[in-house]
Every structure is written in C-alpha cells, then in structure tokens.
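Asker: The structure under discussion is supplied below as structure tokens; questions concerning it will follow.
The values are calculated or read from the model by the stated rules, or taken from the named source; none is laboratory data. Model, not experiment: these values are computed from the prediction. Note that each Cβ is placed from the backbone with ideal geometry, even for glycine, and that neighbours are counted across all protein chains shown. Heads up: the accessible areas ignore ligands, DNA and RNA and are worked out on the full protein's heavy atoms, side chains in. Shrake-Rupley method; radii C 1.70, N 1.55, O 1.52, S 1.80 Å.
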2 protein chains.
Amino acid sequence: MIEWKNLDTLSSFHELEKAERVNLVDAMSGEKGAERVKKYSVDGACGFTYNYAAKAVDDRILSILKKLAEEAQLSEKFEDLYNGDVVNTGEKRLVLHHLTRGQLGKTVMADGVDKRAFYLDQQKRIADFADKVHSGEITNAKGEKFTTVVQIGIGGSDLGPRAMYLALENWAKKQGCFHMEAKFISNVDPDDASQVLASTDVAHAIFILVSKSGTTLETLTNQAFVMDALKKEGLDPAKHMIAVTSETSPLAHSKDFLDAFYMDDYIGGRYSSTSAVGGAVLSLAFGPDVFARFLKGAAEEDEKSKEKDPLKNPAMLDALIGVYERNVLGYPSTAVLPYSQALIRFPAHLQQLDMESNGKSVNRFGERLSYVTGPVLFGEPGTNGQHSFYQLLHQGTNIVPLQFVGFKKSQLQNDVEIQGSTSQQKLCANVAAQIVAFACGKKDENTNKNFEGNRPSSILVGEEVNPETLGALLAHFENKVMFQGFLWNVNSFDQEGVQLGKTLAKKVLAGDTDGALSEYAKLLEI
Amino acid sequence: MIEWKNLDTLSSFHELEKAERVNLVDAMSGEKGAERVKKYSVDGACGFTYNYAAKAVDDRILSILKKLAEEAQLSEKFEDLYNGDVVNTGEKRLVLHHLTRGQLGKTVMADGVDKRAFYLDQQKRIADFADKVHSGEITNAKGEKFTTVVQIGIGGSDLGPRAMYLALENWAKKQGCFHMEAKFISNVDPDDASQVLASTDVAHAIFILVSKSGTTLETLTNQAFVMDALKKEGLDPAKHMIAVTSETSPLAHSKDFLDAFYMDDYIGGRYSSTSAVGGAVLSLAFGPDVFARFLKGAAEEDEKSKEKDPLKNPAMLDALIGVYERNVLGYPSTAVLPYSQALIRFPAHLQQLDMESNGKSVNRFGERLSYVTGPVLFGEPGTNGQHSFYQLLHQGTNIVPLQFVGFKKSQLQNDVEIQGSTSQQKLCANVAAQIVAFACGKKDENTNKNFEGNRPSSILVGEEVNPETLGALLAHFENKVMFQGFLWNVNSFDQEGVQLGKTLAKKVLAGDTDGALSEYAKLLEI
C-alpha cells in the first residue's frame, strides 16, 4: 500500500538530520580517500559508473539513506508510476514517458489503447516518414530532397531535443549517419525566427511544429512567421510542415501539415525527448536507427532504476544524496558540469527538467511544505567552467554541491599529443583534479590562496557520448528528479507556476491593464 | 582618505538590517504600484532606463543605501581605481579596463607609458589590420581573402567576446557591416577544436590566439591543434595566426604570428571584452567602426557610474540593492533574464564576470569574512526561460532576485502581426507581465495555483540591441560587480580559486598522484 507522506514525517529523515556529518577533507585524504573512491561506486546503464566518494556520506549515512528510500517507498512509487497510476494528481494524469522507451511493468491501457503500442506505433510512423524523406520519396513540391529540418517549439519541445541534437551532431557526421542539419526556433522574440530563417534554404526545409496542446503562444506565433516566409517564396506551407502534438489538439488531423505524429497528456514537455517530440527531429537528422539506439540507452537506465537497493541504483542514490544535501546540509543550489563539449546544452535541459519538476512549495495534496524542495540548477561544460564560475565554487561563501560527468574517450577521436598528453587526457585529468581539489582543499598561510575544501561532488563516468550513453544519461537525470519528487512529496509533473505570467501577458496585449502593469507596458512602449 | 572596511563594520549596514522590510505584494498593487513604477526609475547611458520599482526597497531603505554608498566610499574608490591606484592588491596591480574605452580621470602612467595612449594605440593597430584584411591587402599565401576568423581562448578570452559577437552578428548582417563569420575554440576537449575545424575552410581562416600570460593550457593545446590542421592542408600557420597577449608573454614579438596586439596585466580576463581581446575578433567580424561604437557605449555608462548619488547611478544602485538582497534578505542566488535572443550568451558571460570577481571568502587584506559575498548567477533569454525554470522562480521554496533586460524594438525589425500584436509586442508584454506576477502574485484557493508574490526584480529597458547599447549594458554589469566588490571589501580582480585545480591536473598528467586522485585517474582511464 503506497502512502504519500511529507519528508519531515519520516523517521529516517530525522535520523539523517541527527547523523554525524562527514568531514570530506579528512575522508578523502591519503589512502582512506583512495579506498573511498574504489568503494563508493556503482555501475549504471550503458557502461556508466556513478562514483560518490566525494559526497559527504559514509556507511552510516548511506544506511540511513537506504532506510529513507524504503520508508518513502521510492521503488513502489516508481512501480505504480510505470504501471499506470495517476501519479500526476494535480492534472489527474498518468505519467508514461518511460513507456516511450520500454515496457517496465504491466500493460498500461488509457484512452482505450495499450499506450506502449501507441508510442511504438508513433515511433514506427516517424521512422517510415524519415526514411522516405531521406530516400527522396517525400520531397518538396519540385521533387527536390529536403536538406534541413527546423523544429518550432519552446520549453520541453526545444531544450531537450536541442541538447540531444547538439550532443550527437558531430558524432553522426563522423559515423556517416548525418542526414540533415537541424535548427530550432523557440523564442517569441522575432529575432529568433528571423535569424534562423535568414540562414535557411526554406525551399528545401521541413518544419516540425511541436506543441502538445496546440495552443502555445510562442509556437503558434513562430508557425505564422515561418508560413509567411514560405509563402513569400511562393511555397505551400502545408508541403513543408509536419506537426507533433496530441491527438486532441487543434493541430491534429489538419490539412495544414504534410503529416502529424502524436504524443499525449501522459508525457510532460520536459520528459518528452524520447517521445515523438524528440523522435521526429532526431530521426530526420540522424536516421531512425540512431533514435532507436538512444531509446535503448534510456530503457536500460530505466531498468536500473527499478532496483530497490539505492546502492545498486545510481539515479535513486543520486536523488537521496541530493535531498540530504538540500534538506540536511542546507545547500540552496547545485551545478551540473559535463566534461564534454558535446553536452554543451545538456545543463540547460536539466535546468528545466529539475527546476520545473521540483520547484514547488506545496505537496501533492496542496498542503504547504515546511521544508525546501528543488534547488537552483546551473552548469556549463568543463574545462570552460573552470575559467569562469569555479572561483566561487572553490572559494565562495556558499557551498554548491556538484555533479560532474566525464567520458573516457572523446567523441570524434581526433586528438593531438602535446607535452606528453592528448587533449582528452588533459580533459580527464582536469575533472579528476577538480573533484579532489573541491573535496580536500589545500591549506595556505596566504588566506587568499587557501582552499577550505569540504565541497562535495559526484561523477558519472561513461565510455563516450553516443546515442546509447546519451539516452542513459538523460534517463538517469529524469529518474533522479522523479525520485526526489517522491521524497519531497511534490507533484513533479505539473507546472502551475507558469500560468500567471501567461494570463497577465494576455491582459497587456488586450490593453486590459491597470496599476503597475500599465506603467510597465508604457515603459516598454508596447 | 580611502578606508577599506568590511561591510559589517559600517553603521549604515546595521541600519539597513534594522529597517522595516517592504511587502512587495502590497507596495506593487493598485495605484500605489503604478506610482512606484513611475518614481523608482533612473536614466542610464545610451537610452537605458533602470527601473527598480519591483525591488523590495522604499524611500527609507533607499536613503540608507545612499548612506551606505557614502560610508563605503564607493565613488571615491572608483575614482582611485580609474586614476591608477593599485586596487588589485592581491596581485599588486592597477585595474584599468575602463581606460580601454575612455579617460575617466587623470593620466595613468604605468610601465613607463600613458596607458590610455597604449590602449588607443592597440585599437588603432587592430583597426588598421582589420581594414587591410577586409580590403584584401592582408591575405593568405595564395593572395586570397580571409573569410572566417576563429578566436582561440578560454574564460574571459572566450565568454565575453563570444557573447558580444552573438549579440551583434545578426545586427551587422542587417546593417551591411558583416565582414567575416567568427568562430570560437575554447575547451581542451578535443571535440571542440575538431568540430570547429571540420566546419571551417582553414585555407581562408585567420586564427586569433588569445592568452594574456601566453601559458594557458587549453589555449596552447588548441593552438597546436590548429597548427596541425593548417600544416595538414600544406599551409604555413604563421600566415594564418595573430596573437592577443601581454607584451611580456612568450607569445609576444614572435615569428609564429602574422601580427600581435597587446593588452597588459591591468586588464582582467573577465573585463577584457573592450580591450584587444574583444577588439581583434569584433573588428575583424564587423569592422573597426562597430567596435568603436561598442566602446563609446561602454564609455558613456562609465561616465554615469561616476555619479556620487546612487539614485542617479544605475550601476551603483543595482549593486547596493543586490547587497541588500544578499546580506540582509539572505537570498543565495540571482538570475539575469534578457528578453532578447541576441543576448543568448550574455548571462554566461555575466556568470564569469560576477562569480569569478566576487566569489571570495576573505577580504582584500586576506581576513576571513563573516558575511556572504557573491551569489550564484544564472540565466537564459526570455521568453525561453518562462517555459523552463520560471516554475521554481514563481513557486519554489527559495526566493531568487531577478534582473530583467528588455528592449523596445527588435534587433532585425522583421516581424509578423498575429492576433492583433507583433512578436515584439508579445515579447515585451511577457516581460512586463512577469515583473508584476513575481511581485504581486495571485491568491488562489487551490494552493497549487497560488502565487505568493513578493519576488523582487528590476528591469533595464533599452531601445534595441546595437553596438552602443551593448557596450553600455556590459559596462553596467562590470561596474555593478566592481561596486559590490567595494561593498563586500573583497578584491574583485584576482582569481586565486582557480589555481589548485590546475596544479592537481598537472600532477595527474605527470603521473605524480596518490590517494584519491590516483583512483580517479584510473576510473577515467587517463
């Protein structure tokens, strides 16, 4: 029997509060430190290792975290979720993004269909469509091949797919499976669509309009922007545009599109990279096989996440440690630092995934919480970040827990050896060095050069960035965020906090303003 | 007489702590709110308005902030800085980036020369060089024009120049002053250089190697990477590469470069966009006139920053309010949210500028501080952010103070009208709506749809993103960070916190490791 309880009603949480803190400087120094690195490590999916030696935990704390996982029924809640319970209680919806990449449990029926079969069917339809575009069976009106794909979407219809595209773009070029360049239009700022269109051969471009509801202001505005550009070139927009939407949206089954592919209300925008939202653009850009491999990686991590013992479940352990850092140690923000240029926009995607899912002040029953929930999340790739905000991370007055991601091999395997090491070795040496520098610090009599250490981090180490590892990495963070939502007892799958701004913006555009809003409208000369 | 005192030794700071807090929901509602928006506004440089109506201040608090500015001698310290005092005490250096764009005070002599004349001379040399490249007087070995410029640099040699380039790229294309595409290589990850080189016609590319010290690991590694690529094409690297460095660096006066342009130790990396570091790439990309206009905008804001009364000095007021939020209200992070796609990487630059400058735990005398200093800073352009992390900003358990930036006109002036409004109007309506939504909130019996409000923000409103306004915006934040450094009594111009990681990385590469570091090296298979 599942019980949804607030974190501070769990006895293991109070045990955690009382547990003696770990001094990382001490724990990570000398041979003890070496032992920790060997011991505090768990295998993830697709060759990943999650190493948490430099987190402020010890056997005692880990045993309490394990109790907390049991008491909060993390595995049972995940099971309920993938078996089709209404976990998104606010919107009274199932939460089915895992089904886009695998059948984790029972057959889930909704809207009168087997949802796994529904998602598979959409994947197949997308694959067929992409194959026909690549083979030249589907072309523009002149019978010429499409050479570019442009995704029009915002938020989850933009950040995830864009981050995944950028992560695999150069890999696909190297592998010889790069079919089409992808571009993205998201912002309602007209400069966004203008600049993308100015650099795009629209006569040979296929546009994907992505909006689950079919009512997103930015996306419909940018659709009109693009249609305008196509018409100016004497082209029929209906021959250049496909839709990804829900079957109940105004965009579904419309003659305005060459074809349409469907998702549904059980896939939140920020969890939609493995649905048709990511599927259409990634399959067109790299081919359906690459997208299938990406799904396979995610499915493999989802299976890992079913493991009940957090010491064998990286996503769950990561979630538990994060809650310990947030609610016991009191750290208000966290940074994700991938040592891979391919993952340049991965932190921006995680920023939405994490902050939109768990940036909540009430529990799933609408009761105000008396503890903090989701942290501020930010990040940039290393080593770039080292020359930017790491100063504050090392010597600032607040401690920021860190999540490193590293890969043994570079993605393109094109390297030079300088001063006895390759660039890839330098990259990896840097991330190893940072972990130890943050944890152990270094005493110096010149206080300006003194490093206090005791700054916790973990690292996910993979072989290289490829479709499988990318899928696994994405699923790791999706499942981590889900487990944290369970721990905080919030609904991680709605986003009521975005509504008020939308309502007020409509008032401004309708001229229906007074007070401060009216004055801001004047200031901006709207 | 200047006295460098800790913030918590100033009587006005304690007065500030005791002052009654402002309830923004109340203050920003109804006609009172409208009056605040009209009243709490100050003109900045180049047509900017800084509006702080939605910050948690009132006349009483503003009067104390004014006292704090006087007691902390903000104007006098700025005066000393631009007149050539050794304000960077840790490294015993002058701080002269303001001189790259104007003479704010006395003639500053250092290294036996008038530094303003030195920076002007470098600008002129760069302008001449860029003109010759554009006219075809300087070409590749075959006498063909260069078509692309590639900046090799990291941190301040990358983030600022890259953000400025992206901010003006489309503007320059529209204005007809776009000379060359610019690209950037920064990360030591070999995938970074590989991907840039793979998409670059190196035979027609000119590379700018940027490193003040001439010893930056990433930059020298990427130089070797690029030289390798040039040699493979049978090209002479010395005919394709220029350097931007200090005159004392190993890169200066070298035959390996077509030419070299100089900065010096008085320009910190994160303050170098207006020096040769930004000058070379921006002048080559857009022409020297555009770079001169950018400097003019920055110089105009620097003049504004000399104003002693913070109510007439946007950068100083912004700094004071930020310290109030950080040290009295206790907010640990802050977001910068530009409603302009052109400013897509501006927050990433500010992240370095702010976090590297003021992420310090000791004062300028090396004494440990008993109060917090620089916050975590992050941001993405609106309206994109609205569909991402704004959920947490509206309904999360921590309050994050916000800094909006908005423009009355779009940059490209290419727009469509849909449902009675242009995209630019929608963009501006959204930022106006967000400010009011954050400040006032909205009561709802359904607690999941309830907005508590009381979330402070300010907005900088400009006409459009062009070279002058970009320069002014950059200088606003540079000067804000400087004033905050004065208030916190930290040295904002060194970055000792980046050293330990570098040292340990070298140990890993030399195989000179033990303990945890050795195990991490194994884990990453270095």
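Asker: Return one number: the angle in degrees, 0 to 90 and rounded to the nearest 10, between the long axis of the Cα atoms of helix B:159-175 and the longest principal axis of the Cα atoms of chain B.
Answerer: Approximately 90 degrees, to the nearest 10.
Asker: Treating the stretch B:203-272 as a set of equal point scatterers at the Cα positions, no solvent, please give the Debye-formula log₁₀ I(q)/I(0) at q = 0.12, 0.13 Å⁻¹.
Answerer: -0.30, -0.35
Asker: For B:Lys77, which lysines qualify as cross-link partners when the Cα separation must be under 17 Å and same-chain residues fewer than eight apart are set aside?
Answerer: B:Lys5, B:Lys66, B:Lys67, B:Lys92, B:Lys106, B:Lys304, B:Lys306, B:Lys308, B:Lys480
Asker: Work out the length of the dipole vector of the stretch A:32-79 about its Cα centre, built from +1 on the beta-carbon of each Lys and Arg and -1 on the beta-carbon of each Asp and Glu, and round it to the nearest 20 debye.
Answerer: Numbers: 9 positive and 8 negative charges, 66 e Å.
With only Lys, Arg, Asp and Glu charged at Cβ, the dipole is about 320 debye.
Asker: Quantify, in whole percent, the carbon and sulfur part of the accessible surface of the stretch B:251-392 (1.4 Å probe; protein heavy atoms only). Please report the intermediate quantities before stating the final value.
Answerer: Values: 1650 of 3310 Å².
That fraction is 50 percent.
Asker: So how compact is the stretch B:217-347: Cα radius of gyration and Dmax in angstrom?
Answerer: 20.1, 62
Asker: Checking a compactness column here: for the stretch B:269-415, what do you get for Rg(Cα) / (2.2 N^0.38 Å), N being the number of residues? If you can, show how the numbers build up before the last one.
Answerer: Numbers: Rg = 17.6 Å, N = 147, 2.2 N^0.38 = 14.7 Å.
Dividing the Cα Rg of the stretch B:269-415 by 2.2 N^0.38 Å gives 1.20.
Asker: Now for a different question. If you take the Cα Rg of the stretch A:153-226 and divide it by 2.2 N^0.38 Å, with N the number of residues, what do you get?
Answerer: Working: Rg = 13.1 Å, N = 74, 2.2 N^0.38 = 11.3 Å.
Working it through for the stretch A:153-226, the quotient is 1.16.
Asker: Let me ask something additional. Rounded, prolate or oblate: which fits the protein assembly as shown, taking a ≥ b ≥ c as square roots of the Cα gyration tensor eigenvalues, rounded meaning a/c under 1.5, else prolate when a/b beats b/c?
Answerer: Values: a/c = 1.22, a/b = 1.15, b/c = 1.06.
The shape class here is rounded.
Asker: Right, next: What is the sum of charges, Lys and Arg at +1 and Asp and Glu at -1, for the other residues whose Cβ falls under 11 Å from the Cβ of A:Asp111?
Answerer: Surrounding charge for A:Asp111 is -3.
Asker: What are the nm distances, shortest first, from A:Thr107 to its equivalents in the other copies, labels at 7 Å along Cα→Cβ?
Answerer: 9.0
Asker: Give me the percent of accessible area attributable to carbon and sulfur for the stretch A:137-247, probe 1.4 angstrom. Could the numbers behind the result be given before it?
Answerer: Details: 1670 of 3550 Å².
C and S atoms contribute 47 percent here.
Asker: Averaged over peptide A:415-421, how many Cβ atoms belonging to another chain are found within 10 Å of each residue's Cβ? Don't skip to the answer; put the middle values down first.
Answerer: Numbers: counts 7, 11, 2, 8, 7, 3, 6.
That works out to 6 on average.
Asker: What is the ratio of the Cα radius of gyration of chain A to 2.2 N^0.38 Å, where N is its residue count, to two decimals? Don't skip to the answer; put the middle values down first.
Answerer: Details: Rg = 23.9 Å, N = 526, 2.2 N^0.38 = 23.8 Å.
Against the empirical 2.2 N^0.38 Å value, I get 1.00 for chain A.
Asker: Please give me, ordered by residue number, the trypsin sites (Lys or Arg not before Pro) of the stretch A:59-134 that lie in loop per DSSP and have at most 16 other Cβ atoms within 10 Å. Don't skip to the answer; put the middle values down first.
Answerer: On the way: sites: A:Arg60, A:Lys66, A:Lys67, A:Lys77, A:Lys92, A:Arg93, A:Arg101, A:Lys106, A:Lys115, A:Arg116, A:Lys124, A:Arg125, A:Lys132; in loops: A:Lys92, A:Arg101, A:Lys106.
The qualifying sites are A:Lys92, A:Lys106.
Asker: Moving to a separate point now. How many square angstrom of accessible surface are buried between A and B, both sides summed, with a 1.4 Å probe and rounding to 100? Intermediate results must be reported in sequence, preceding the final value.
Answerer: Details: alone 22590 and 22610 Å², together 33960 Å².
Looking at A and B, the buried total is near 11200 Å².
Asker: Ok, one more. To one decimal in nm, how far is B:Gln413 from the same spot in the other copies, if labels go 7 Å from Cα toward Cβ? Please give the shortest first.
Answerer: 5.2
Asker: Moving on. In debye, nearest 20: dipole of chain B around its Cα centre with unit charges on the Cβ of K, R (+) and D, E (-)? If you can, show how the numbers build up before the last one.
Answerer: Details: 56 positive and 69 negative charges, 117 e Å.
The calculation lands at about 560 debye.
Asker: Could you state the per residue volume, in Å³, of the convex hull enclosing the Cα atoms of the stretch A:423-526?
Answerer: On the way: hull volume 30.8 nm³, N = 104.
Hull volume normalised by residue count: 296 Å³.
Asker: Another one. Heavy-atom accessible area per residue, the protein assembly as shown, 1.4 Å probe: how many Å²? Kindly include the intermediate steps, with their values, before the conclusion.
Answerer: Numbers: 33960 Å² over 1052 residues.
With the other protein chains kept in place, the protein assembly as shown gives 32 Å² per residue.
Asker: Also, quick follow-up: Quick check: at a probe of 1.4 Å, how many percent of the accessible area of the stretch A:407-526 sits on carbon and sulfur atoms? Walk me through the numbers before you get to the answer.
Answerer: Working: 1580 of 3810 Å².
Here it works out to 42 percent.
Asker: Using θ = phi - 60° and the Karplus form 6.51 cos²θ - 1.76 cosθ + 1.60, what ³J(HN,Hα) does each residue of the stretch A:23-29 get, whole Hz, x for Gly and Pro?
Answerer: Going residue by residue, I get 8, 5, 4, 5, 4, 9, 8 Hz, with x marking Gly and Pro.
Asker: Would you mind working out the magnitude of the charge dipole of the protein assembly as shown relative to its Cα centre, with +1 at each Lys and Arg C-beta and -1 at each Asp and Glu C-beta, to the nearest 20 Debye? Show your work: numbers first, answer last.
Answerer: Values: 112 positive and 138 negative charges, 17 e Å.
The calculation lands at about 80 debye.
Asker: Something else about it: Note down the relative contact order for chain A as a percent, whole number, built from C-alpha pairs under 8 angstrom at least six residues apart.
Answerer: Details: 953 pairs, mean separation 107.2, N = 526.
Answer for chain A is 20 percent.
Asker: May I pose another question? Which value in Å is the Kirkwood Rh of the stretch B:116-196 over different Cα pairs?
Answerer: Details: mean 1/r = 0.0687 Å⁻¹.
Taking every pair of different Cα atoms in the stretch B:116-196, averaging 1/r and inverting gives 14.5 Å.
Asker: Over the stretch B:338-430, consider all pairs of different Cα atoms and compute the Kirkwood hydrodynamic radius from their mean reciprocal separation; express it in Å, one decimal.
Answerer: Values: mean 1/r = 0.0630 Å⁻¹.
Result for the stretch B:338-430, one decimal place: 15.9 Å.
Asker: Compute accessible area for the stretch B:170-196 by itself and then with all protein chains, 1.4 Å probe, and report residues whose area falls by 50 Å² or more.
Answerer: Buried by 50 Å² or more upon assembly, which counts only protein chains, are B:Asn187, B:Val188, B:Asp189, B:Pro190, B:Asp191, B:Gln195.
Asker: Okay, moving on. Which distances, shortest first and in nm, link A:Gly330 to the matching position in the other copies, using label points set 7 Å out along Cα to C-beta?
Answerer: So the distances to the same position in the other copies read 0.8 nm.
Asker: If you average the C-alpha positions of the stretch B:378-436 and of the stretch A:250-321 separately, how far apart do those two centres end up, in angstrom?
Answerer: Rounded to whole Å, the Cα centres lie 28 Å apart.
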